[in-house]
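Input: a single structure, listed below in structure tokens.
The values are calculated or read from the model by the stated rules, or taken from the named source; none is laboratory data. Owing to the predicted nature of the structure, the values given are computational and were not obtained by experimental measurement. All Cβ positions, even for glycine, are placed from backbone atoms using ideal geometry, and neighbour counts span all protein chains on display.
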């Protein structure tokens, strides 16, 4: 199954539209809104689909899973409820996959946890999120420890931001993560210099428009630069350099045409394909099934600096529709000619940052009784 094609399904596109409206209009409680803003709901939804594709891997149950996920996002009112509900659905459909009917048996719990551990960690992946305009570079060079080559326009921008803000929009090291959501975030806000700009938080104040990271709307970036120049008393020449340099980068990298790409790297290649506490998690019967799943899927390496270049032959690409495509009101089934051909292989994933476990009685009751 191909995640790009799943995200282009009409029912999925409609659900994304509903989620974006809900998360834009209502502030939900949880760590995610601080880190990702209103896009967190979108990331959670895509993450939930990806979890199914790499852990369950069964097309027969996909429609039912998508239906359950949709209801979950409709009914739950906090990020923690949604996150734990996703874990519960993973438990439910893993049981279907393994033909397990009695969840009360300890042997059922252990079998489900061991299966998810093997799929997610032992056979799993680390992730490197980037925008599609860098794919040719990575195809030739792999993922370089020293990052991408610095463009002269980026140097010009750096000189000004270093003078007034003290930070540069370019970092020399490349880092990977075992967080699928974090890699998804970087893939959609890229290219690299925009990712670094977002980390600097130059435009962090509410008076600035941050949507341009996702929508690639240069006019919004232009307005931010105008405001930044005014607030920091930039000279006219410095403001012109910022605008022209960003404009050159916009055209050079064809930023309006980029989509998200995630590089998958086998954890085995990095000697990171085990959890030292897995036996403790499985053998401690006080840890409930859904809590154990969360402990297996939680991130252990949010940012992992690579020791050496990752070879191109050790990379599998996963393409994601652009943010504009995902959130477009023009909802239609993807035409055959428009599909992006993904290379084979899906890794296991991890969940989000700042997970907080809560009581799941109502959620579990809803999910395990819905859909059979």
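Scanning the stretch 132-154 for residues that are in a loop (DSSP other than H, G, I, E, B) and touching a helix residue (DSSP H, G or I) at 6+ places or on another chain (Cβ under 6 Å) yields 142, 148.
Of the set (1) surrounded by 19 or more Cβ atoms within 10 Å (Cβ to Cβ); (2) without any contact (Cβ under 8 Å) to a residue 60 or more places away in the chain, all apply to residue 155 but (1). Selection within the stretch 142-152: residues that are surrounded by fewer than 16 Cβ atoms within 10 Å (Cβ to Cβ) and modelled with pLDDT of 80 or more. The member of this set that is nearest to residue 120 (Cα to Cα) is 145. Of all residues in the stretch 116-131, exactly one satisfies the criterion of being part of a loop (DSSP other than H, G, I, E, B) and surrounded by fewer than 19 Cβ atoms within 10 Å (Cβ to Cβ), namely 123. Quick check, is residue 179 touching a residue at least 24 places away in the same chain (Cβ under 8 Å) and within 30 Å of residue 294 (Cα to Cα)? For residue 179, the condition - touching a residue at least 24 places away in the same chain (Cβ under 8 Å) and within 30 Å of residue 294 (Cα to Cα) - is met. Residues in the stretch 176-219 that are over 18 Å from the mean Cα position of the chain (by Cα), more than 22 Å from residue 159 (Cα to Cα) and in a helix (DSSP H, G or I): 219 alone. Checked against the criterion of being free of Cβ contacts under 8 Å to residues at least 12 places away in the same chain, over 21 Å from residue 138 (Cβ atoms) and surrounded by fewer than 20 Cβ atoms within 10 Å (Cβ to Cβ), the candidates 226, 204 yield just one match: 204.
As a summary of the residue check, residue 218 satisfies the conditions (1) closer than 28 Å to residue 263 by Cβ; (2) touching a residue at least 60 places away in the same chain (Cβ under 8 Å) except for the one numbered (2).
For beta carbons closer than 6 Å, sequence separation of 6+ or different chains, a first residue in the stretch 103-116 that is closer than 18 Å to residue 294 by Cβ and a second that is modelled with pLDDT under 90 and surrounded by fewer than 16 Cβ atoms within 10 Å (Cβ to Cβ), the qualifying pairs are 108/102. Flag not set for residue 42, criterion: part of a helix (DSSP H, G or I), farther than 18 Å from residue 211 by Cα, touching a helix residue (DSSP H, G or I) at 6+ places or on another chain (Cβ under 9 Å) and at pLDDT 90 or above. Selection of the stretch 10-32 for residues being at pLDDT below 95 and closer than 20 Å to residue 187 by Cβ yields 19, 20, 23, 32.
Taking residue 134 as meeting all but one of (1) out of contact with any strand residue (DSSP E or B) (no Cβ under 9 Å at 6 or more places or on another chain); (2) modelled with pLDDT under 95; (3) surrounded by 15 or more Cβ atoms within 10 Å (Cβ to Cβ), write down the number of the exception. Checking residue 134 against (1) out of contact with any strand residue (DSSP E or B) (no Cβ under 9 Å at 6 or more places or on another chain); (2) modelled with pLDDT under 95; (3) surrounded by 15 or more Cβ atoms within 10 Å (Cβ to Cβ), the one that fails is (1).
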